[in-house]
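Participant: Here it is: the structure, laid out below.
The values are calculated or read from the model by the stated rules, or taken from the named source; none is laboratory data. Everything quoted here is computed from the prediction, not taken from an experiment. A quick note on method: Cβ atoms are made from the backbone with ideal geometry, for glycine too, and the neighbour counts reach across all protein chains shown.
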Amino acid sequence: MSLTGWPLLALLTVLFVVFTIAAISERPRLRLPRLLRGTVTVVLSQLCAVLLVMVAVNDWGMFYGSWDDLLGVTGDVRTVTTKGEPAAEGLPASMGLTGWSKKDELPSKGGVFTLVLHGPSSRLTTNALVYLPPQYFQKGHENERFPVVETIAGYPGDVPQLVDRLAYPAELDKQVKAGRARPMIMVFMKPTLAPPRDTECVDVPGGPQTLTFFSKDVPTLIKKELRTSDTGWGAMGHSTGGYCAAKLALMHPEQFSAAASLSGYFSPHEDEMTGSLFGGQEKLHQENDLTWRIQHLPIPHNAIFAAIGQAEGGDEGIENTRAFMATARAPLTTKFEVVDGGGHNFGTYQRVMPDAFAWLSTYMGR
C-alpha cells in the first residue's frame, strides 16, 4: 500500500474508529482481563490517531513520497520497455519508456524515460527520469536541439513524485501550449546521491562530489545521449533542490544561465544528516553560501527566480530568501515571488510553477 493517497488514510481512519469504539464499549470482544483489554484498545486507538495525523500531514505536504523514501532505501523506476530495446527511434537503448505515456503518444504528449546516470568525474550514480517534449519526436524537428533543465527534488527526494504528484511534465506542456513556455528537456533527480546523507550539493572534502555530479557529469552524460543545446541550461527544484538549482546558476554560469528556486534557501546548513560538509574550511563554507557569494565574488550574468510561501519561517525560510534578494544586483537578474498563505509543501510549489517555467524560458540560453 502506498504511503500517499487515500487507501492508507482510509485504513487508518477505519482502525481508529474501530479501536475507539472498542475502548469505550462496555462489552469488549478481546479475551483479556477488563483492565488490560481496556488499556490495549486505548493504546491502539491513540496509536492509530497519531499515525493518521502523520500520514495526513505527509500526504498534504509530500515530505516523503514512498515507503522507500521514508526508510532511506534507493528504489528503481519501473519501465515498460524490454532491456536493450530502444524506447523510441533515435534514443539510446539505455533509456526506458515509463507508463506516463505510450510510444504512439510521443509526438503529441512527449514521454518520460528512465536513465541511470553514472558520473565519470564524481563517481556518483543516480536513477533519473528524463522528460522529452512532444516536439522532440515531431517531424520537422529532427535536427532541433533543446535546452535542458536539471530538476532536483527536496531532501531526501522521490523522483517519480516529481512526475506523478508534482506533475512537472504535464504543467510544462500546458504552459507551452499557452505560449508561456518553450519546449525543454527536463532531467529529474534527487539531491541524495550518498544516502542517507544530505550533502547539500556540495563537493565534500574527502567525500561525495555532489556539485561536480550535477554541474559537470550530468551535462556530459545528457549531451552524449540526447539532442541538447551545449550551454544555456536551466536548473529548477524545491527545498534542498531549490538551493541546488540556485547554486548551479551562480557557481557554474558557463553551463546554467537561469534557475528557479521553489521554497529553496540560499545558505547551507550542517546537522546530523549532513555531517561535516566543509571539513572545517571556512572559505569553502563561504563559497557555498550564495548570499555571501554575491556580496564578495564577481556576479555572473544570469537569472534567478525565487518563490517561497509567506508562512515559511526558520533559518531557511522567507527571511533567508529576502536577505539574498536584498543583496542581489546587476548583472544578476532576479525575481522574488511570495505565495500568500503558502507553506513548505507541494501545493505552494504548484502555484508558482507556471511563473517558474516562463522565467526559465525567457532566460535560458542568453
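Participant: Would you kindly identify the strands (runs of 3 or more DSSP E) lying entirely within the stretch 168-280 that contain at least 1 residues that are touching a Ser or Thr at 6+ places or on another chain (Cβ under 6 Å)?
Facilitator: 185-189, 233-238
Participant: Which members of the stretch 10-35 meet the condition of being exposed (fewer than 14 other Cβ atoms within 10 Å of the Cβ), at pLDDT 55 or above and assigned to a helix (DSSP H, G or I)?
Facilitator: Answer for the stretch 10-35, where residues must be exposed (fewer than 14 other Cβ atoms within 10 Å of the Cβ), at pLDDT 55 or above and assigned to a helix (DSSP H, G or I): Ala10, Val14, Val17, Ile21, Ile24.
Participant: I would also like to ask the following. Got a sec? Which of Gly280, Gly242 is among the small types (Gly, Ala, Ser) and under 14 Å from Tyr155 (Cβ atoms)?
Facilitator: So the residue among Gly280, Gly242 that is among the small types (Gly, Ala, Ser) and under 14 Å from Tyr155 (Cβ atoms) is Gly242.
Participant: Just one of the numbered conditions (1) crowded, with 19+ Cβ neighbours inside 10 Å; (2) in contact with a helix residue (DSSP H, G or I) (Cβ under 9 Å, 6 or more places away or on another chain); (3) part of a helix (DSSP H, G or I) is not true of Leu360; which one?
Facilitator: Status for Leu360: all satisfied but (2).
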